Amino acid sequence: TAKDACYEAVKIAIDVGYRHFDGALVYRNEDEIGRAFHEKIADGTVTREDLYYCGKLWNTFHPPQLVRSSLEKSLKLLKFDYIDLYLIELPLAFK
């Protein structure tokens, strides 16, 4: 998507009542999602507890030693303390 398109879409979605958001590191927009969440929290529209974020582990990060670093990268981009649900994107791994 164009720069800031996801950011604007998430803000509008929150304004019209959406509370469950699905994303993944591989989509390359977690920074925009996090920015929109934080803006809507700061302006009093929602609290973090009102919002539900489902992130996903990409297929190249299935080895156990890579899972934590992938999750931590998402948390850093989102500027979150936690992700509500963290799924494996597909039940098969890529090299």
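Net charge within 12 Å of ARG28 by Cβ-Cβ distance, Lys/Arg positive one each and Asp/Glu negative one each, not counting ARG28 itself? So the surrounding residues net to -1.
In plain terms, the bigger the Kirkwood radius, the slower the diffusion; for region 43-95, with that radius from Cα pairs, at 37 °C and 0.692 mPa s, Stokes-Einstein puts D at 268 µm²/s.
Based on Cα contacts under 8 Å between residues 6+ apart, the chain shows a relative contact order of 31 percent.
The slack in the chain from THR1 to THR60, taken as 0.36 nm per residue of separation less the alpha-carbon distance, amounts to 19.0 nm.
When the trypsin sites (Lys or Arg not before Pro) in region 1-42 are filtered for DSSP coil states and for at most 12 other beta-carbon atoms within 10 Å of their beta-carbon, the remaining sites are LYS3, ARG19, ARG28. Here region 1-44 was treated as a single set of alpha-carbon atoms; its pair distances binned every 5 Å from 0 give 5, 23, 34, 25, 10, 2 percent. Hey, how much of the P(r) for region 5-88 falls beyond 21 Å, as a percent of Cα pairs? Of all Cα-Cα distances in region 5-88, 25 percent exceed 21 Å. Placing a pseudo-label 7 Å from each Cα along the Cα-to-Cβ vector at THR45 and ALA9 gives an inter-label distance of 1.5 nm. Estimated at 0.36 nm per residue, the fully extended path between LEU87 and ASP31 surpasses their Cα-Cα distance by 18.3 nm. Between the exposed loop cleavage positions of the chain, defined as chymotrypsin sites (Phe, Trp or Tyr not before Pro) in a non-H, G, I, E, B DSSP state with at most 14 neighbouring beta-carbon atoms within 10 angstrom, the longest gap is 19-81.
A short reminder: the numbers here are calculations on the coordinates, not readings from a lab. None of the values given here were measured: they were computed from a predicted structure. Using ideal geometry, Cβ is built from the backbone for each residue, glycine included, and neighbour counts are taken over all protein chains shown.
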